[in-house]
Each structure stands twice: as C-alpha cells, then as structure tokens.
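Each remark here refers to the structure printed beneath this line.
Every number here is computed from the coordinates shown, using simple stated rules; none is lab data. It should be emphasised that the depicted structure is a prediction, and the values quoted were computed from it without experimental measurement. Positions of Cβ are backbone-derived with ideal geometry, glycine not excepted, and every protein chain shown enters the neighbour counts.
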Amino acid sequence: MDRVPPSLTPQLDVEVPEGGLSIGDAAAAVGLSVQTLRYYERERLLLDPTTRRSNGHRRFHRNDLDWLAGLVMLRETGMPIARIRDVAALSRTPGTERERLAAFEEHRRAVVARLRRTQEHLAALDTKIAAYRAYVAGEEETIHDE
C-alpha cells in the first residue's frame, strides 16, 4: 500500500514530463514561490526527498506536485508549519493512519471554528453595508457606527 494513496492528495491538472518539472515550473503549478518551495524542502515538509539531475537541479514529479497541492491546502486553511511537519513525518511512516486521522480531525475543528467566526464577521459587515447603502440613498439621516 502507498504511504499516502493518490486519492488522499489533491490531483493537479498539470502535465508533468517524464523527467519531472523544474523548481520554477513546480512552484508555479502549485501556486508557490520558488523560495517557499525551497523552504518547504528544507523544513522536511515534502513526502520524499526531491530528486536531482546530475547538475544538482531539483526535479519534481506527479506525486511531488500532488503532495505539494495538499500542503498548500493545509496552509491556506491555517495549519501551522510545525503541524504540517508532523503530518509529513507520520505520512512517511506506515501504520500511522490513526494519528494522521486525528491530526486532520483536529485541524478540521479549528477550520470550522474560524469559519464560524468569519461568518459572524461577514454578517456584521453586511449590516454595516446595508446601513451605509440606506444612508447614501438618503433613507437615513445619520449612521451610528459601533
């Protein structure tokens, strides 16, 4: 069994040649800067060590890009780098599916809590926008911001 089955990582719609992509092309494919991709590599966030050509240039393959797309999703949903490092280490270790599940469930709870708070802020913004629209339309004489 794969350490991380392909069904558990986002699948990018990117053509990857047999020899892989350069670091610049890989970074662009997943929406990262080259500097961030290098940082992720230094921090051991990648599932596998990056392959290199004889000239030392990094090459990224389909499984690397799919893993990176998953990292991008985790970062965009607020998972700290330290926790991603933990998940990456677990993902390199067979038999850690329960621990990975616990990490993702914990992260989901945090995402849902932030989402609820963001929805509350959005409702407050909608109230302010409605008040200002009414004011601009001349329907109210004053607005009382809180």
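Shape call for segment 56-106 from the C-alpha gyration tensor, a ≥ b ≥ c root eigenvalues: rounded (a/c under 1.5), prolate (a/b greater than b/c) or oblate?
Working: a/c = 2.22, a/b = 1.44, b/c = 1.54.
Verdict is oblate for segment 56-106.
Percent of alpha carbon pairs in segment 6-94 separated by more than 19 Å? Value for segment 6-94 (Cα pairs over 19 Å): 33 percent. Computed about its Cα centre, the charge dipole of the chain is approximately 900 debye, with only Lys, Arg, Asp and Glu carrying charge at their Cβ.
The protection proxy used here, the mean number of other Cβ atoms lying within 10 Å of each residue, ranks peptides 28-37, 44-53, 108-117, 60-69 as follows, highest first: 60-69, 28-37, 44-53, 108-117.
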